[in-house]
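Beneath this line is the structure, given in C-alpha cells, with notes to follow.
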Amino acid sequence: MNNPRFIIAFALAVIGLVALACTSITEDDVPEIERQTTALNKAIMCPVCPGESIDQSQNPLAVSMRAIVAERLADGWTGQQIKDFFVERYGPSVLMEPPREGISLAAWLLPPIAVVGAIFSVFLGLRWMRRTSAVPSAATSQGPVLTEDEQEDYFRRIETALDLDESPEDPSRPS
C-alpha cells in the first residue's frame, strides 16, 4: 500500500474517472435552439443589473427578456435580429460585447495596443538598466598605478614594519 508506484497509478485512475465523468455530456445532446437561446442570453445584458447578462440575472425583467429570446427563436428570428430588437428598446449598452465599429472600436483596439506598449516599455527599461549597470563601480575599478620605484619603496616599508613587530627587544610585547 505504501508503494509509490501504486499511489501514482491509483491517483491517475481517479483523475481519469473524474475526467470521463465530466465529459459524459456532449454538445450533440443539447438541441440547437437551446444552444442558441443560451448563447443569446449570455450576449444580452440585463438593463437593471449592471454587468450581468440576462442569463445570470434573476431580475423579473431579465426573466421576461429570456422568455422573449426563446419565443423569438421559436418564431424563426435570427440571433442578430433578436439583438437588434433589444438594442432598439434599450440602446447599444444592452449588448455584453461592444460593437466593432465607430467609437466602440476603441474598446477592441486599445487593450492590445496598451499591452504591446507595456511590453515594449519594460523591454526598453530593462535594456537601459543593463547599460547603466555596465558602468564600473569604485570596488571594481583599479586604483592608481604605482611606478616600479614606488612599489619597491612601499614593499620595503612593509618589510621594515613586519621586522619591527617580530623583534624580541620590543619592551611593549610580553615574552
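Can you give me the span-like helices of the chain, meaning DSSP H runs with 20 Å or more of Cα extent along the axis and Kyte-Doolittle mean at or above 1.6?
4-22
If R₀ is 35 angstrom, what is the calculated FRET efficiency for the pair residue 109 and residue 9, using the beta carbon separation as r and rounding to 0.05?
0.10
Listing 96, 65 from the residue with the fewest other Cβ atoms within 10 Å to the one with the most, what is the order?
96, 65
Contact order normalised by length for the chain, with contacts defined as Cα pairs under 8 Å and 6 or more residues apart; what percent is it?
Computed over the chain, the figure is 12 percent.
For the stretch 1-75, with equal point scatterers placed on the C-alpha atoms only and solvent neglected, what are the log10 I(q)/I(0) values from the Debye formula at q = 0.11, 0.24, 0.28 1/Å, to two decimals?
Reported log10 I(q)/I(0), two decimals: -0.50, -1.00, -1.13.
Give me P(r) over the chain, computed from all C-alpha to C-alpha distances, binned every 10 Å, as integer percentages.
7, 15, 12, 12, 12, 10, 6, 6, 6, 8, 4, 1
Please arrange 22, 49 by how many other C-beta atoms lie within 10 Å of their C-beta, fewest to most.
Ranked by crowding around the Cβ, least crowded first: 22, 49.
Kindly provide log₁₀ I(q)/I(0) values, in the same order as q = 0.15, 0.22, 0.24, 0.29 Å⁻¹, from the Debye equation applied to equal alpha-carbon scatterers of the stretch 87-127.
With one equal scatterer per Cα and no solvent, log10 I(q)/I(0) is -0.52, -0.73, -0.79, -0.93.
Please list, in chain and number order, the residues 5+ apart from residue 53 or on another chain whose amide H is under 5 Å from its amide H, with Hs placed from the backbone.
46
So between residue 42 and residue 17, what do we pick up on full extension, going 0.36 nm a residue minus the alpha carbon distance?
That works out to 5.9 nm of additional length.
Most exposed first by the Cβ proxy, i.e. fewest other Cβ within 10 Å, how do 42, 83 rank?
Least crowded to most crowded, the residues run 42, 83.
Tell me which cysteines of the chain come out unpaired when the rule is another cysteine's Cβ under 4.7 Å.
Result for the chain is 22, no neighbouring Cys Cβ within the cutoff.
Every number here is computed from the coordinates shown, using simple stated rules; none is lab data. Since this is a predicted model, take the numbers as computed values, not measurements. We place every Cβ from the backbone using ideal geometry, glycine too, and count neighbours over all the protein chains shown.
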